[in-house]
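A.B. asks: I am attaching a structure below and will ask some questions about it afterwards.
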Amino acid sequence: MTKEEKSVFDRPIVTEIEDIFHNTAKLHEAFSSDRSIKALSTVHEDMVKICNKVVEVMNFSALEGARTTPTQQEYFRLGKSKLDGINKKSNHQIDEEQPLSLALDVAPYPIDFEDKSKARARFYMLAGHFFQVAHDLYEAGEISHKLRWGGDWDGDKIFDDQSFDDLPHFELTKA
């Protein structure tokens, strides 16, 4: 993608990290794939700060940040989301009032989406790192949001009481 290409809101999309984050949040050098850089360029600065710390202890790929309403509707139609994008919006969705996504989908690297216990365990391990880092950054006053994970929607630390697991999904919530 070049600097001249436009986003869905006719804002310039850039590939240089300094331009993407307006020098407020730099990406860790481990994020070298175009996919991760693109996904991280569309999320709130607090999520970028969390990711930069987590990748220091566990490698992962950022899969998807911002999402358009038509994409959200397609995920709902396919059963990949419980939110239709119109009546119930996803925190991935962006608009003119919320230009950066509050949600990010990630996967431990190397990526393995097989429903095997060890492959699934890596998502739980990654979630532990995300929660610890988010907690530490929040307590230090470096971020203003808390974190919610698609493997524990209600945040009770009981993982088998979910009706819909979305293990790659993390979202920022108001404190």
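The values are calculated or read from the model by the stated rules, or taken from the named source; none is laboratory data. Since this is a predicted model, take the numbers as computed values, not measurements. Positions of Cβ are generated from backbone atoms using ideal geometry, with glycine treated the same way; all protein chains shown enter the neighbour counts.
A.B. asks: What is the one condition in (1) surrounded by fewer than 11 Cβ atoms within 10 Å (Cβ to Cβ); (2) on the phi > 0 side of the Ramachandran plot that Gly85 does not satisfy?
C.D. replies: (1)
A.B. asks: Out of the residues in region 62-82 that are surrounded by fewer than 17 Cβ atoms within 10 Å (Cβ to Cβ), in contact (Cβ under 8 Å) with a residue 24 or more places away in the chain and not hydrophobic (A, V, I, L, M, F, W, C), which is farthest from Ala30 (Cα to Cα)?
C.D. replies: Lys82
A.B. asks: Looking at region 26-52, which of its residues are surrounded by fewer than 19 Cβ atoms within 10 Å (Cβ to Cβ) and modelled with pLDDT under 95?
C.D. replies: Lys26, His28, Glu29, Ala30, Ser32, Ser33, Asp34, Arg35, Ile37, Lys38
A.B. asks: Something else: Residues in region 141-165 that are outside any loop (DSSP other than H, G, I, E, B) and without any contact (Cβ under 8 Å) to a residue 60 or more places away in the chain: how many?
C.D. replies: Qualifying residue count for the region: 7.
A.B. asks: While we're on this one: Going through region 112-141 one residue at a time, which ones are in contact with a helix residue (DSSP H, G or I) (Cβ under 6 Å, 6 or more places away or on another chain) and exposed (fewer than 15 other Cβ atoms within 10 Å of the Cβ)?
C.D. replies: Asp112
A.B. asks: For Asp112, indicate whether it is part of a strand (DSSP E or B) and under 18 Å from the mean Cα position of the chain (by Cα).
C.D. replies: Answer is no for this residue.
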